[in-house]
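Trainee: Sharing a structure here in structure tokens format.
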Amino acid sequence: MKILRTHHVAIICSDYARSKYFYTQVLGLDIVAEVYREQRNSYKLDLRLPDGLQIELFSFTNPPTRLSYPEARGLRHLAFEVQNIDDAVDELHNHGITVEQVRVDEHTGKRFTFFADPDGLPLELYER
């Protein structure tokens, strides 16, 4: 088997409208498709990043909370590359989003920071 690239990441949210706004209006992801699945009382929103990676945003009735702190095993966070981390942080602040202090990756010398989506999912910005 030869894996070509990451195709998508799936995220389950607690408040569909709030998360849809966050991922489309705050982060600026493009909507590919939006489907309401009546049998599951669930929305599925397909979003696309400029590099083609997709995020599937799901809503379910009463999903359990995700353990983030202390960190649990499993997927740790989702990271987005940005051209200028200071500009990206300013945009997040303009939307009222709390962002951790910008740090420098000791191995690459690149700057990065963390923030959270509406459900507390850790997201990272990593400067190009």
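The values are calculated or read from the model by the stated rules, or taken from the named source; none is laboratory data. None of the values given here were measured: they were computed from a predicted structure. Cβ coordinates were reconstructed from backbone atoms using ideal geometry, including for glycine residues, and neighbour counts include every protein chain displayed.
Trainee: How about region 27-120: which strands (runs of 3 or more DSSP E) wholly inside it have at least 2 residues that are under 17 Å from the mean Cα position of the chain (by Cα) and not assigned by TED's automatic domain parsing to the domain that holds R5?
Mentor: 78-82, 111-116
Trainee: Here's another thing I want to ask about it. Is it true that some residue in region 39-51 is of a type in the set (D, E), surrounded by 16 or more Cβ atoms within 10 Å (Cβ to Cβ) and farther than 15 Å from E124 by Cα?
Mentor: yes
Trainee: Still on this structure: Since T108 meets every condition but one in (1) under 15 Å from Y126 (Cα atoms); (2) among the β-branched types (V, I, T); (3) at pLDDT 95 or above, which condition does it not meet?
Mentor: T108 satisfies all of (1) under 15 Å from Y126 (Cα atoms); (2) among the β-branched types (V, I, T); (3) at pLDDT 95 or above except (3).
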